[in-house]
Structure formats: C-alpha cells, structure tokens
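Read through the structure below, which is laid out as structure tokens, and then see the notes.
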Amino acid sequence: MEVEQVEIREHIRRFAPFSSLSDEQLDDIARSVEVAYFRAGESILSFGQTVEHLHFVRSGSVEVYRRSGELYNRLGEGEIFGQFSLLSGRGARFPVRALEDSLIYFIPDATFRMLFDEVPDFADFVEVEDRTRLRQAGAVQSGASPIMTTPVAKLVGRTPVMIDSATTVGEAAAHMTDQNVSSLLVTERTAGHRDTAASGEDVIGIVTDRDLRQRVLAAGLPYDTLVSEVMSTDLVTVADDDFAFEALLLMLKENVHRLPVMHRLRPVGVIALSDIITHETQNSLFVARSIFHKNSLEDLYSLTGDVQACFVRMVNEDANSHMIGTAMATIGRSFKQRLLQLGEEQLGPPPVPYCYLALGSMARDEQFLLTDQDNAMVIDDAFDPQAHDDYFRELAAFVSDGLDRLGYPYCKGDIMATNDTWRQPLKVWRERFCQWIGRPSAESLLHSSIFFDLGGVHGQVQMADELKALIAERASATPQFLFCLSQNAQNRTPPLGFFRDFVVEKSGRHQNSINLKRRGTAPLVDVIRVHALAAASQAQNSFRRLEDTAAAGYLTASTAADLRDALEFISLARARRQAHDVEQGNELNNNLDPQSLSAFERRTLKDAFKVLSNAQRALKYRYRTAQASLRGP
C-alpha cells in the first residue's frame, strides 16, 4: 500500500462509523478513495445532482443548505455527507458548499454499499437521518413498561447465604442471625454435573426461619439435627431475567414465599414475597397516598427514601420524561398539601381564603430530584395585613421549613411564600402580571420564567386558574412583551461549537461536562413558553403547550415534534444522570460528560441541541414585527 493510502486509512479510522471497521475494510477504502480540493465558497454538491460517492471531510469545513437556501448544517473534519442520496438512489437533497478551503475524500458508491451490507454498526450510523434518529431515540425511551415488567434481578438485594448440608440446625440458626437473613440455601459438594459455578457445589435445598420453627422447635428435634433433614427440597427457582410478575405467579402457584434467583444455574440471590411488595411501595401513587397518612414532619421524612427509589425505578423502567416529571411533581405537591394541612391544624383555620402556588418545574409537571422550592401565596382580597399577615407568614414558614427538611431546599432567589413580596392578595397579583406584560423589564422577564409557570396546590385553587387566564389573554395580545420574552429565550445557548462539537465546561467541579438543565431543558422550556403564550395557551406542561401551539398554528406540526423530541431526549439524559447518582450514592447534579455516552447517543444529543439552536434562531424572525413596533415611527 502506498504511503498516501496508509495516511488515509489511519486518518479515517479515527472517526465513526469507520472506527468500527476492520483493517482489511479500511484498506479497501483507502485504495478506492479519490481526493478533491475545494476553495471556500465553491459548490461541492448542487440540488438534484447525481451522487456517486460518500463524501468525507478530510480538512476544512462545509455548509449544508436546504433547498430554500436556509442553512441546514455545518460539517467539519471527520464528518460525512451524501449518504442519504446513496441510500435512496435520488439526487442530492441538500446542496453543499465549502465554507473554507477544504479537502474531501470521495468513497465510491460500491465501497459504501459493501460496508453498508456487511457491517451493521456502519449501517446503523449512516442510515438514520438526524431528526429521525432523535425521534427513534425518544420513541424507544418513551415506551414505558408496565410496572410488573421489572426484571427479578432488580429485586435481589444481596448475594445468597449458603451452608453445607452437614450443618446442624443450631449452627444454621446462628448463621441466619449473624447474617440477618431469613433463609439459607443448602449446598452439597458433588462430583460432575451442574454446580454453583466456581464452588463446585450443588444447591440441594433451602431452609427458612419458618422451617426451623415448625420442623425443629415444634417437633422437638435436637439442635444437632442436620439441616438436610429439615430443609425443603425440590427447589422452585426463578431466573434473574424473568419478570417480577412471573416470580409472583410462581410463588402463588407453588405456594412458596421465597425463590432462589438463578443466573445460568448459579444462585445469585433469594427473593421473598415481601421484596415484591416492597418494590410495589416504590410506586409513585403509593408514595403520594402514604404522604396523606403521615401526621408529622418526621413521619413525612421517613418517605424521602421511597421518593428517590420511585424516581430511580421509573428511570430504569424506561418511563418517559413526562411520566417521571408528573410523578415527581405529584409527590412534591402532596408534600406541600400535607404540610399545609398540618400547618392549619397547628395554627388554626386561615382567617381569609388563600391559594398556595407551585411555580416552575412543579407547576409544569417536569420535576426531577434535584430541585429547590419555588412557591408563592395568593390571598383573598379581603386580606388585612395588620390582622392576617402573621398567620400566613407563619404558615408559609412552616411549609418552607418542612419542604427543606424533605429534600426541597430553600430557593436561593428567595422565590418563596415566606418572602412578603410573594405573599399578596389576588388584586396585587393581577396588577403585577399586567405590569410585567405591559411594561416588560429585565426583572419582569426574569420573573416570567418562574411565575408564568404556576399551579394551585392548596386552598382556593381557582385563584391560580384566574391568574393563568389573565396571563394567557394579556400576553397573547401584547407583541412587545412576546418580542422581549423571545429575546430573553435566546440568552441561554446550547453547548455546540462552530462545527457542532460539544462545548464543555473548562474548569471547576464539572470540568469537561455539560449542564443539561442550564444549557438544554431550561432554554427549550423558555422557547416553548414564548410560543405557548403567543397562542394564548393556559397549559403549563411543555409537551401540552407544544400541542396547543401546533393546534393554534403558531408552530408547524413538524417543528413542534422536533422540539418535543429534543426536550424528551435531553430530559431523559438528565434523569438517567440523576438516577445513576442516586444508585452510586453520589451528590446529585445536572452535568453529563458527553464522552460517557455511546457514539449514537452523542450524535442524538447533538441533534437535540441543534433543534434548540434552530428554534432560538427562528424566534428572531417569528416576533420581529413586534421589534419594529418597539422602535416606533
């Protein structure tokens, strides 16, 4: 092989999908490649042009355009284009032009097709268009499994405790006490056939605390009786990849309360009926219902472990982000409601009606584990500060202190009902929202991202509904406000560099990572809120807002679907990050190292951020009419 061909082979092997190819396949590519040089601004592919090669950017950069002339993508070193035309057999859909002086490798169609047919990873990489890939990723993850599809392996808490068949029942009882278990697997060393993997021993039975009580103590057997004489034989086992409901059915069918869990004939644990019941108590509805049966802050605190377990369970069972966010918000609201009930029992009935508001992610049903408390209080207009405010101040403090104890830290921005500013009569809130919308300022726009996502939690919740209706009516009729809000929604840009590489944090605790909330979900929520307010939607959840916005014609169905998929993918990446931290006992955060993702996940994450970038860019044009009116004649 020529030196130049070796250089080509070693260069392309650095980049997906070529990194998955064998040396022989890379040699074939290197021998067949043609090389071309394009000056900046020169056309590489024009619309409809017959495509006979896969294009690989060796150096420089290119821009990909839509047929309309709108910029679609920028590609840099190691990226490819032309694959969709090769696969479809049609002319180029997207014209391509060199952004700067560029060197392009041309890989012949025949070589491309050979790789596509023979290498599944190569085919997976090239056949899925970015938006389709994003949609497929979301679709896979939104396929929420039923609760009882949890694999048995998830119920196993520890490795099995085993004893030899020559052990006496007295020794077995002592061993069970030492190990704090209620059953022991009984083994016997045998020559040949199946064994417990490395140990060379067969599991021949199980002895439980119930066996010791009924078959030893009640029968008056001596403590030196061998466990082999009282154990249960004819073991009923379950595989670790069976589902929990199958284990439950097996217990009912065989009338047993414990099942050894096997992985390839090797015992990896023992599950009991209580393990399945405990698993079910980590259901979000069970947790929420339990909250209302607790009568003190300490009792409520005892449920905080179940909240985390519920979150992790939903993530591991592939619930979609809407389900997770709704479940966590429901639990959070239930905590607030119960605290308010306990507060009213302690302080007495409220002197005038009020409504306790949830703000931000809880109001949107998009709450995850790492969240602080954003709340406020709307009080009936009969409110007399001199006569009534001590009551509501104490009630707000009771709730906020309780929430902090339950894992919802105080808001660093002091957006809480304990702040006098955010504990006001309904008429003040009406005037405040009208002022924020009618005369937008930096401060009011900042508040818009918090207070315009609101929901009534307790009390006269119709007050919250009245405010939501007011906001929707005024905002949709005030182009200047929508323009300012749209400008504000462009401030937090996605972490993509010029050539669509990730821009990661360069220093600090989260070096080389991306904050998925600050750079992903939060700006997406901002963009969606602008369109929803323009469409006069009163929905709070971002997915519901997208439905309303598309129905009202403010977004095309395609654009709404792109935003939904992007929000779903980034939200789930954030949820999985938090679930992983819980399971590992790490401090929770919203940061993700993109290098921890697979190549497919990295590409999909880039797709999601590109959707955000395009949506922010579209805001500039969507509300520019309002910009002109702001400048005046």
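The values are calculated or read from the model by the stated rules, or taken from the named source; none is laboratory data. Quick caveat, the model's predicted, so the values are computed rather than measured. Positions of Cβ are backbone-derived with ideal geometry, glycine not excepted, and every protein chain shown enters the neighbour counts. Quick note on the areas: whole protein, heavy atoms, side chains included, nothing else; ligands and nucleic acids left out. Shrake-Rupley method; radii C 1.70, N 1.55, O 1.52, S 1.80 Å.
Less than 5 angstrom separates the built amide H of residue 72 from those of 64, 65, 66, all sequence-distant by 5 or more or on a different chain.
Amide H to amide H, with H built 1.01 Å from N, residue 374 comes under 5 Å of 359, counting only residues 5 or more places away or on other chains.
Counting only chymotrypsin sites (Phe, Trp or Tyr not before Pro) that are in a DSSP loop and have at most 16 other C-beta atoms within 10 Å, tell me the longest site-free stretch of the chain. List each step's numbers first, then the result.
Details: sites that count: 15, 47, 223, 292, 410, 498, 499.
The longest such stretch corresponds to 48-222.
Applying 1/(1 + (r/R0)^6) with r as the Cβ-Cβ distance of residue 286 and residue 431 and R0 = 30 angstrom yields a FRET efficiency of 0.10.
Calculate for the chain the 222 nm mean residue ellipticity that helices alone would give, adding -39,500 (n - 2.57) per DSSP H run of length 4 or more and normalising by residue count, nearest 500 deg cm²/dmol.
Working: 23 runs with 292 residues, N = 633.
Theoretical 222 nm ellipticity from helices: -14500 deg cm²/dmol.
Hey, what's segment 212-282 come to in accessible area per residue, 1.4 Å probe, Å²? List each step's numbers first, then the result.
Details: 4200 Å² over 71 residues.
Averaged over the residues of segment 212-282, the accessible area is 59 Å².
Net charge around residue 161, counting only other residues with Cβ within less than 13 Å of its Cβ (Lys, Arg = +1; Asp, Glu = -1)?
Numbers: positive: 158, 258; negative: 164, 171, 178, 209.
Net charge around residue 161: -2.
Of the trypsin sites (Lys or Arg not before Pro) found in segment 259-361, those that fall in a DSSP loop while having at most 12 other beta-carbon atoms within 10 Å are 264. Put simply, the amide H of residue 271, placed in the peptide plane, has neighbours under 5 Å in 259, 261, leaving out anything fewer than 5 places away on its chain. Taking Cβ atoms as reference points and 14 Å as the exclusive limit, the residues near residue 106 contribute a net charge of -1, counting Lys and Arg as +1 and Asp and Glu as -1.
If R0 equals 45 Å, the separation of the Cβ atoms of residue 461 and residue 596 corresponds to a calculated FRET efficiency of about 0.60. Other residues whose C-beta falls under 11 angstrom from the C-beta of residue 290 contribute a net charge of +1, scoring Lys and Arg +1 and Asp and Glu -1.
How much accessible area per residue does segment 342-454 have, counting only protein heavy atoms and a probe of 1.4 Å, in square angstrom?
Working: 4550 Å² over 113 residues.
On a per-residue basis, segment 342-454 sits at 40 Å².
Ranked by solvent-accessible area (1.4 Å probe, protein heavy atoms only, all chains present), the residues 253, 610 order from largest to smallest as 253, 610.
Surface composition of segment 1-55: carbon and sulfur make up 45 percent of the accessible area, probe 1.4 Å.
Note on residue 241 and residue 511: the model spin-label points, each 7 Å out from Cα along the C-beta direction, lie 4.1 nm apart. Each of 262, 162, 251 has its accessible area taken with a 1.4 Å probe; listed largest first, they run 162, 262, 251.
Please list, by residue number, every one of the trypsin sites (Lys or Arg not before Pro) in segment 403-470 that is coil in DSSP and has at most 13 other beta-carbon atoms within 10 Å. All intermediate terms of the calculation are to be shown ahead of the outcome.
Values: sites: 405, 412, 423, 427, 430, 432, 468; in loops: 412.
Taking segment 403-470 and a limit of 13 other Cβ atoms within 10 Å, the loop trypsin sites (Lys or Arg not before Pro) found are 412.
Counting only protein chain heavy atoms and rolling a 1.4 Å probe, the accessible areas of 168, 604 rank, largest first, as 168, 604.
Tell me, what is the FRET efficiency for residue 50 and residue 493 to the nearest 0.05, using R0 = 41 angstrom and their Cβ-Cβ distance as r? Rounded to the nearest 0.05, the efficiency is 0.60. Which of (i) 1.04; (ii) 0.97; (iii) 1.07 is the computed Rg/Rh (Cα atoms, Kirkwood Rh) for the structure on display? Entry (iii).
Simple spin-label estimate for residue 477 and residue 36 gives 5.9 nm between the two label positions (7 Å along the Cα-to-Cβ direction from each Cα).
The string of couplings for segment 47-58 from the Karplus curve (6.51, -1.76, 1.60, θ = phi - 60°) is 4, x, 5, 5, 9, 10, 9, 7, 9, 10, 7, 7 Hz, one whole number per residue in order, with x for Gly and Pro. Spin-label model, residue 390 to residue 164: label points 7 Å out along the Cα-to-beta-carbon direction sit 7.7 nm apart.
Test of the criteria: in segment 24-103, which GluC sites (Glu not before Pro) are in a DSSP loop and have at most 15 other Cβ atoms within 10 angstrom of their Cβ?
Sparse-neighbourhood loop GluC sites (Glu not before Pro): 42, 52, 70, 100.
Computed from backbone phi, the HN-Hα couplings of segment 473-490 come to 5, 5, 5, 5, 9, 10, x, 4, 5, 4, 4, 4, 5, 5, 4, 5, 6, 9 Hz, rounded to whole numbers (Karplus: 6.51 cos²θ - 1.76 cosθ + 1.60, θ = phi - 60°; Gly and Pro given as x).
Each residue of segment 298-314 is assigned a 3J(HN,Hα), and the resulting list reads 5, 5, 5, 4, 5, 8, 5, x, 5, 5, 5, 4, 5, 4, 4, 4, 5 Hz, derived from the Karplus form 6.51 cos²θ - 1.76 cosθ + 1.60 (θ = phi - 60°), x at Gly and Pro.
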